[in-house]
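In what follows, a structure is listed as structure tokens, so that the remarks can point back to it.
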Amino acid sequence: HLMLAQWALDALSLDEVWLIPTGMSYMKASRQILPGEERLRMVQLAVMDNDRFRCLDLEVRRSGYTYSYETLEELRSRYPEDAFYFILGADCLFALEDWKAPERILSCCTLVAAVRGETDLTEMEAKRKELMQKFRPEREIILLPFISMSLSSTEIRERIRNGKSVRYLVPDRVLEYIREKGFYLYEENESFKSEEA
């Protein structure tokens, strides 16, 4: 996520990138994930050395399920002079219609989908056009070419669980925090510590 954030910052000439840890996602309700405060702390540690990255706590502080459209509408309300870009992975572009109120998401921001090397650009462009035609947003949906990263967050958690190095994959401060707290050391059915940060 940090590499994509920096990539988008440069490619789109953004002023800042704001990282917002998910609160209680309705899409992950059946999965056990780390408490919001812990995920928030790890993101804060991860971005503290980059003055153009900010970590916001609005989803973690919100009670109940959190929805992207609510977060974007809150940001638009707080910062009416700013233009927002919502950066997400290619897979999210294909799932967007299943999200809560996708039309409201598209009315608040320019959607930026990261296109990695293994993603079929023809399919992505077709999906982009389909969404533009269906929702007719005021702002564009942008496909952002991004370097291919073969290691997923699931694989990183698995490496931690198996005692393998994740150096250079996770910021040192975050890795130290994970070790201190003992996160991701157990199987999914044993502890909440096995799921996403």
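The values are calculated or read from the model by the stated rules, or taken from the named source; none is laboratory data. In this text the structure is predicted, and so the values were computed from the model without any measurement. All Cβ positions, even for glycine, are placed from backbone atoms using ideal geometry, and neighbour counts span all protein chains on display. Heavy atoms of the whole protein, side chains included, go into the accessibility calculation; ligands, DNA and RNA do not. Shrake-Rupley method; radii C 1.70, N 1.55, O 1.52, S 1.80 Å.
Here is the figure for segment 27-53: residues that are under 17 Å from Thr71 (Cα atoms) and either open to solvent by 70 Å² or more (accessible area, probe 1.4 Å) or modelled with pLDDT of 95 or more (or both) total 2. Restricted to segment 76-96, and to residues that are touching a residue at least 24 places away in the same chain (Cβ under 8 Å) and open to solvent by 70 Å² or more (accessible area, probe 1.4 Å), which residue is farthest from Ser13 (Cα to Cα)? This residue is Phe94.
Yes or no, residue by residue, for (1) in contact with a strand residue (DSSP E or B) (Cβ under 8 Å, 6 or more places away or on another chain); (2) more than 30 Å from Phe183 (Cα to Cα):
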{"position": "Val112", "(1), (2)": "yes, yes"}
{"position": "Glu123", "(1), (2)": "no, yes"}
{"position": "Arg128", "(1), (2)": "yes, yes"}
{"position": "Phe135", "(1), (2)": "no, yes"}
{"position": "Val166", "(1), (2)": "no, no"}
{"position": "Pro171", "(1), (2)": "no, no"}
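Looking at segment 138-174, which of the residues that are in contact with a Gly (Cβ under 9 Å, 6 or more places away or on another chain) and at pLDDT 80 or above is most open to solvent (accessible area, probe 1.4 Å)? Top of the filtered list is Pro145.
Look at (1) under 18 Å from Ile20 (Cβ atoms); (2) free of Cβ contacts under 8 Å to residues at least 40 places away in the same chain and you find that Lys100 fails only one, number (2).
Take the residues in segment 97-125 that are under 14 Å from the mean Cα position of the chain (by Cα) and at pLDDT 95 or above; name whichever of them is surrounded by the fewest Cβ atoms within 10 Å (Cβ to Cβ). That would be Val112.
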